[in-house]
1. At 0.36 nm per residue, minus the direct Cα-Cα distance, what do Ile197 and Met97 gain on full extension? Give it in nm, one decimal, please.
2. Got a sec? What order do Ser119, Ser244 fall in by accessible area at 1.4 Å, biggest, i.e. largest, first?
3. Translational diffusion coefficient, Stokes-Einstein: compute it for segment 31-101 using the Kirkwood radius over C-alpha pairs as Rh, at 20 °C and 1.002 mPa s, and state it as an integer in µm² s⁻¹.
4. Applying 1/(1 + (r/R0)^6) with R0 = 22 Å to the Cβ-Cβ distance of Asp242 and Thr150, what FRET efficiency is obtained, to the nearest 0.05?
5. Roughly how compact is segment 25-157, stated as its Cα Rg over 2.2 N^0.38 Å to two decimals?
6. Leaving out ligands, DNA and RNA, what percent of the accessible area of segment 36-130 is carbon and sulfur, probe 1.4 Å?
7. Take the alpha carbon gyration tensor of segment 79-123, find the square roots of its eigenvalues, order them as a ≥ b ≥ c, and report rounded if a/c is under 1.5; if not, report prolate when a/b exceeds b/c, else oblate.
8. What nm value, rounded to one decimal, do you get for the distance between Ile48 and Arg74 when each label is placed 7 Å out toward the C-beta?
Amino acid sequence: MTEQDALAGPAIRPVAKTTSGRIVQALNRTPIHIALAVVALIWLAPTIGLLVTSFRPRTDIQATGWWETLSTLRFTTENYEQVLNAQGMGQAFINNMIIAIPATLLPLTLASMAAYAFSWLRFPFRDSIFLIVVALLLVPVQVAFIPLLTLFKPFGLTNGYVAIWLAHTAFALPFGIFLLRNFFITLPRDLIEAARIDGAGEVGIFRTIVVPLSVPAIAAYGIFQFLWVWNDLLMALVFVQDSSKFPMTRAIQNLLSQYGTEWHLLAAGAFLLMVVPLLVFFALQRFFVQGLLAGSVK
């Protein structure tokens, strides 16, 4: 290999123009496609089984496996009706939304503003404070539960949603600031400086330039935070004391302890709990992938 060939890098495989060439290329990729299909099927099998079980009558669940449904094709929606109405999962679903939406928007707003400050504003001890924020990522959240509960309880915050909103916001800020700051510093400096020369304030620059250019990173962090809050059980056990405000993670736990053998109810409740994260992920997966790659190429 000559020096010129080495500098040119790896050769690009040409695209086949004939039918036989395309068939050969497809056959070469077939083992990889089969392996990926097998892996996807293994990962999806529990979810498919849960979905099918949630629509099966109780007698069928106790008699046969979910994979035998194709022979009977007996489905019912009574499981969901009973879980939503009689077992209180409908109210728990609303409670989940009331908890998850503010607990996502609050850290998203605060982290993006703090990340902008650490990226483009100059103030004393900026780098030192940012290192402290990064160091907070190493602190386990469990060590703060008792001090926070002691702080919130005298004010009655644990009787509503305020305590869990504040707790989720506080624990999410270090990661959010770190993630968004690493993206914000890759934005063109000339664009920021030109806006300042034109007389734009810091708030205007952040709102009209930084946020529109950073939608993938902000959306990726929002997805992470929403999924974390939606599936959280530990903080709900600690900071939500009113039983009428329990989220689905706590409600389904009560369902499990009270109806340990009622698999039709457990399957319906579990699928209700996981359907929203699935919808959010598939609806915003484009931003999720872009956010994961944010800052990797400048």
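1. Details: separation 100, 0.36 × 100 = 36.00 nm, distance 4.32 nm.
Result: 31.7 nm gained on full extension.
2. Ser244, Ser119
3. Answer from the Stokes-Einstein relation: 146 µm²/s.
4. Values: r = 18 Å, r/R0 = 0.83.
After rounding to 0.05, the efficiency reads 0.75.
5. 1.79
6. 71 percent
7. The shape class here is prolate.
8. Computed distance between label sites Ile48 and Arg74 equals 2.3 nm.
The values are calculated or read from the model by the stated rules, or taken from the named source; none is laboratory data. Source: prediction; values computed, not measured. Neighbour counts run over all protein chains shown; Cβ positions are idealised from the backbone, glycine included. Note: areas computed on protein heavy atoms with side chains; ligands, DNA, RNA excluded. Shrake-Rupley method; radii C 1.70, N 1.55, O 1.52, S 1.80 Å.
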